[in-house]
Amino acid sequence: MPEGHSVHRIARQFARNFVGKRVEASSPQGRFAEGASLLDGKTMTASRAVGKQMFLEFDGVIWLRVHLGIYGAWDFAGDITTDATIRSAGGRMGQNNQRGTVLGDTPEGTIDEIAIGEAAQADAAGTDAFRTVPEGPDDADGEDSISSIGAPRRARLRMAEQEKAGEEYGSFPPEPVGAVRVRLLTETAVADLRGPTACEVLDPAQVDAVIAKLGPDPLLDDSAAAEERFVAAVTKKPTPIALLLMDQSVVSGIGNVYRAEMLFRARLEPHTPGKLVPTDTVRALWRDWAYLLDLGVRTGQMLTMDDLDDEAYAKAMASRADRHWVYKREGLPCRICGTHILLEELGGRKLYWCPIDQV
């Protein structure tokens, strides 16, 4: 299932290529025909991600809510103007299983509110907020060079749990492939949605009601109040901390990968009841999530190992095997103590952890 950083990246793709443009909406599959008819002909006016959910606003009065779930994916095609977030893996945009590339370009074209805020803060401080990862080549052939930032390309791009740049195609728009729940088409770009858990049209009040049920998302609100809300939700419950981190009403966006890695980074036993986790540790979890989420949005990789030299960073960006502490490493020696990493099922999901370092 796509975790929070992936959904924020998809929202940025819509912000860059669809917001401000009139959209033809349809449902090639037929299951969303009524909803598509409500969106058809309207102008997309906003794109917003909250945790694992995305909201697209049309004409300022109606919203499309999408939750990709386990099987959902967006396929983009057309003159895709990639911002630096999407370009950050050199066109081979990866998450769990996809290979990526080292890239440290400043995302000058990113137009969502988060990036604009970061850029403004960086300008005020006289620093570059985005140059926080080692720089490196765009791709082996240099075709996605720094001089082409923002250059349109007529190509396909899939964004889901894994992100993948596809082959170029001929006529535009391309024919829908498979069971496309909804197609959003402008004069220059098209987005096809397949297999979502949720796809519905909402009014503003309904959107507010959905968001009100979600825990805080530090990429949208990293205030002290948001942190306190997270701390209060965790420390009052007897539920194991490993389950609380996956509870979207407690905190938005964390999935199985980030859950396992955050618990290891905190050296926290996964079964510890939330109310028994020290408050300082809970605060550290919130701040670590804010850090990892931001890093994931910028790099396109769920990179959870810090202080890597250039060679190690390149390996981590290229392969999941070199980017995580415990996730998908069951039976392998812990990178710290050498004890075999354990795998168990908790709450219907796989949990990876070290029985020595997380006690």
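I need the helices (runs of 4 or more DSSP H) fully contained in the range 177-283, keeping only those with at least 1 residues that are of a type in the set (Asp, Glu), open to solvent by less than 30 Å² (accessible area, probe 1.4 Å) and out of contact with any strand residue (DSSP E or B) (no Cβ under 8 Å at 6 or more places or on another chain).
Per the criteria, 224-235, 256-265.
Report yes if some residue within the range 253-275 is farther than 23 Å from LYS328 by Cβ and aliphatic (A, V, I, L, M); otherwise report no.
No, the range 253-275 contains no residue that is farther than 23 Å from LYS328 by Cβ and aliphatic (A, V, I, L, M).
State yes or no: is THR304 buried (at least 21 other Cβ atoms within 10 Å of the Cβ) and among the polar types (S, T, N, Q)?
Yes, satisfied.
Name the one entry in ILE254, ILE336 that is without any contact (Cβ under 8 Å) to a residue 40 or more places away in the chain and aliphatic (A, V, I, L, M).
Of ILE254, ILE336, the one residue that is without any contact (Cβ under 8 Å) to a residue 40 or more places away in the chain and aliphatic (A, V, I, L, M) is ILE336.
Counting just the residues of the range 284-301 that are modelled with pLDDT under 95 and of a type in the set (D, E, K, R), which one comes out surrounded by the most Cβ atoms within 10 Å (Cβ to Cβ)?
Residue satisfying both the conditions and the ranking: ARG298.
Might you let me know whether the range 202-209 holds any residue that is more than 21 Å from GLY4 (Cα to Cα) and either at pLDDT below 95 or among the basic types (Lys, Arg) (or both)?
no
The values are calculated or read from the model by the stated rules, or taken from the named source; none is laboratory data. Because the structure is a prediction, the values reported are computed rather than measured. Quick reminder, even Gly has a Cβ in these numbers, built from the backbone with ideal geometry, and neighbours come from all protein chains shown. Keep in mind that these areas ignore ligands, DNA and RNA; they rest on the heavy atoms of the full protein, side chains included. Shrake-Rupley method; radii C 1.70, N 1.55, O 1.52, S 1.80 Å.
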